1. With respect to A287, is the statement that it is buried (at least 16 other Cβ atoms within 10 Å of the Cβ) and over 26 Å from the mean Cα position of the chain (by Cα) true?
2. Mind checking which residues of the range 205-244 are of a type in the set (F, W, Y) and either over 23 Å from the mean Cα position of the chain (by Cα) or closer than 20 Å to G295 by Cβ (or both)?
3. Pick from the range 132-164 the residues that are out of contact with any strand residue (DSSP E or B) (no Cβ under 8 Å at 6 or more places or on another chain) and of a type outside the set (G, A, S): which of them is farthest from R60 (Cα to Cα)?
4. Can you find, within the range 26-68, the residue that is modelled with the lowest pLDDT among those that are in a loop (DSSP other than H, G, I, E, B) and touching a His at 6+ places or on another chain (Cβ under 9 Å)?
5. With more than 29 Å from L314 (Cβ to Cβ), touching a residue at least 12 places away in the same chain (Cβ under 8 Å) and in contact with a Leu (Cβ under 8 Å, 6 or more places away or on another chain) as the only criterion, which of A108, A143, A118, A163 stands out?
6. Filter the range 69-87 down to residues that are assigned to a strand (DSSP E or B) and at pLDDT 95 or above and give me whichever is surrounded by the fewest Cβ atoms within 10 Å (Cβ to Cβ).
7. How many of the residues in the range 95-132 are farther than 18 Å from L75 by Cβ, over 15 Å from the mean Cα position of the chain (by Cα) and assigned to a helix (DSSP H, G or I)?
8. Would you check if G304 is within 22 Å of E68 (Cα to Cα) and surrounded by 16 or more Cβ atoms within 10 Å (Cβ to Cβ)?
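The values are calculated or read from the model by the stated rules, or taken from the named source; none is laboratory data. Owing to the predicted nature of the structure, the values given are computational and were not obtained by experimental measurement. No Cβ is skipped: glycine too gets one built from the backbone with ideal geometry, and neighbour counts run over all protein chains shown.
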Amino acid sequence: MKHLLRRRRTAASALLLTGALALTACGSGDSSGKPPAGAVATHTMKTAMGDVRVPDHPHRVVVLDTAELDSAITLGVKPVGATHADAKSGFPDYLPRSAVAGTKDVGALAQPNLEAIAALKPDLILTSKIRHGDKYGELSAIAPTVMTENTGYPWKANFRVHAEALGRQAEAERTVTAYAAHIRKVVTALGGPAKAAATKVGVVRFVEGADIRIYGRKNYIGTVLTDLGVGRPAITDKAEDGFSYDVSPERIDLADADVLFHSTYGDPAKAKETSTTRSGLWKGLTAVRDGKAFGVDDQLWIQGIGYTAADRILDELRADLTRG
């Protein structure tokens with residue numbers, strides 16, 4: 001019996017010693033204000049899903065939408081994994097191939113492959129609540145997951161969230177400053193603010209499986225045009241929730257504008273682009289008659305949703321809007 005009691009006292013003493021060592025280790029880390037050796041420095045940030053603790057300088061980042069991909073590349077971060085928006089094209093073509101070389105495709109944007117994401121052992125995942133809010137629990141179990149509320153229209157605010165999560169705020173400030181300078185150069189090339197405002201610019205998107213979209217102001221490309229200060233056709237202000245005014249091919253005349261940019265998502269025939277652009281209504285549009293209707297890359301103008309895409313778009317706008 002005495003032997004048994006002695007063993008119990010020894011075990012208890014060992015537990016107390018272990019606890020004391022643990023407390024000492026914690027205390028020594030706290031007193032210096034530095035994390036223990038080998039620990040990853042972190043910070044807490046506010047997200048659409050609440051407060052999330054993220055690494056100060058993540059090294060293995062997975063992005064689940066085109067906006068997050070553009071942000072990462074813009075900020076000099078090469079993701080270890082990313083989803084694709086279009087299975088035929090993979091990652092957006094406007095991005096430099098070197099920027100995404102080695103980035104693993106982790107599935108379609110709408111249905112990311114969680115096993116593929118986990119296999120990459122990420123230390124940060126970037127996406128939005130509107131895209132993947134229903135998968136937040138599964139994603140956050142893999143790695144700290146930072147979600148913005150939405151995508152598209154609030155892309156500038158989202159970019160700053162991405163920059164904070166990536167520990168690249170200084171790079172973000174330089175990007176924003178450079179974008180503003182680019183805007184000023186293009187406005188000057190257009191003949192100044194008054195002349196830019198006098199030109200009504202429309203944007204039409206042909207979408208497979210949906211009506212034709214005449215884009216309003218509250219979307220990605222709409223914000224770029226607003227920054228540029230160009231005019232917009234009257235139909236723009238009738239867009240539902242500011243996003244788009246959707247029409248059938250028989251109402252494409254509502255898209256009339258001085259200059260018209262159009263893109264296609266999906267098969268051109270199934271998206272009604274082929275039949276619409278051959279119609280008399282299309283050919284009667286002011287921009288079409290004047291040779292100022294331009295087909296543009298959907299991946300860049302609509303799906304890009306970031307500063308790298310915006311810089312490319314501004315270059316195209318300058319070229320097309322200054323044509324004689």
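1. Details: buried (at least 16 other Cβ atoms within 10 Å of the Cβ): yes; over 26 Å from the mean Cα position of the chain (by Cα): yes.
It is true that A287 is buried (at least 16 other Cβ atoms within 10 Å of the Cβ) and over 26 Å from the mean Cα position of the chain (by Cα).
2. F206, Y215, Y220 - these are the residues of the range 205-244 that are of a type in the set (F, W, Y) and either over 23 Å from the mean Cα position of the chain (by Cα) or closer than 20 Å to G295 by Cβ (or both).
3. Y153
4. Result: V40.
5. Values: A108 fails: in contact with a Leu (Cβ under 8 Å, 6 or more places away or on another chain); A118 fails: in contact with a Leu (Cβ under 8 Å, 6 or more places away or on another chain); A163 fails: more than 29 Å from L314 (Cβ to Cβ).
Residue meeting the stated conditions: A143.
6. Of everything passing the filter in the range 69-87, G81 is surrounded by the fewest Cβ atoms within 10 Å (Cβ to Cβ).
7. Matching residues across the range 95-132 total 7.
8. Answer is yes for this residue.
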